[in-house]
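Comments concern the structure below.
The values are calculated or read from the model by the stated rules, or taken from the named source; none is laboratory data. In this text, all values refer to a predicted model and were calculated from it rather than measured experimentally. Side chains are part of the model used for accessible areas, which takes the heavy atoms of the whole protein and leaves out ligands, DNA and RNA. Shrake-Rupley method; radii C 1.70, N 1.55, O 1.52, S 1.80 Å.
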Amino acid sequence: MNTMAIVIACGKEEEIAPGTEAAFLPLGNRPIIGHCLKTLEDCPEIDGVLIVVSKDRVDSAMKVIKRFGCTKTRGIVVGGANRLSSLRTVFSKIKTDPSVVVIHEASRPFVSSAVLAETIKCAKRYGCAIAAHRVPDATKSSPKGMKASATLERNSVWLAQTPQAFKTSVLKKIIDTKTKGVKIIDDESEFVGGAAETHMVEAGLINMKIRSKADLSVASALLNANLASSDASSRNMRAAAPSA
């Protein structure tokens, strides 16, 4: 298998409601996870999909797979205490290593095939590539509270997103049980020194993460306005990328 996608669908979004798993909330005519699974299913660069869920959501995930005909799904894995332990569990169940692994959060329903393809392409070349959005505004750094300590240059700061794609050899070094101090949580990754060059892929703000009621309202509005299709997302990615 050339490229395996791992969909993380076990995060709880307390900003929506205590204990809420955003991936299984309804968005339009399907649960949030159903949108990204459809895109992965239609993306020719993706050969297989593994879904990581909490133990209480295995049946829910099975229903989504059957309802939307997700033929690329190879299995459902019960996640661990954090993303790193979940990835270790996933890798213990993969019999044949893919050349590239793509990690995507189910709570980002509007990922496009174009972003997936470009992220995979760059991972093959650089070892690691992540979807992100370049911030066009002047950005302040304030590590100790409300007082700004520095102003960062325009277009020098990126908002990290998923998908995040890795050569399997690189990801294995990151999740190795002997590795100390490495974190893979939410939208950031800290990589083993020298393991890879991290390449950014402009994905635009349309590749939003649903973590609050306000986000869910925005996502619903985008979907109703037909602004979150794969074609629209691709146009957004091109428009958001600054000219050379």
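Would you check the accessible area of ARG88, probe 1.4 Å, heavy atoms only, in square angstrom rounded to 10?
70
If you count only protein heavy atoms with a 1.4 Å probe, what accessible area per residue comes out for the stretch 1-102, rounded to a whole Å²?
45
What is the distance in Å between the Cα centroid of the stretch 13-73 and that of the stretch 137-162?
Answer, in whole Å: 33.
Is the C-alpha gyration tensor of the stretch 53-188 telling us rounded, prolate or oblate? Criteria: a/c under 1.5 is rounded; beyond that, a/b larger than b/c is prolate, otherwise oblate.
In terms of gyration-tensor shape, prolate.
Step through the table entries LYS147/LYS167; LYS172/LYS209; LYS38/LYS172; LYS63/LYS173; LYS140/LYS167; LYS147/LYS172, compare each Cα-Cα distance with 30 Å, and write down the pairs that go over it.
With Cα atoms farther than 30 Å apart: LYS147/LYS167; LYS63/LYS173; LYS140/LYS167; LYS147/LYS172.
Throw me the Rg/Rh for the stretch 63-136, computed over C-alpha atoms with Kirkwood Rh, two decimals.
Result for the stretch 63-136 is an Rg/Rh of 0.98.
How large a share of the accessible area of the stretch 77-155, in percent, is made up of carbon and sulfur atoms when the probe is 1.4 Å and the other protein chains stay in place?
51
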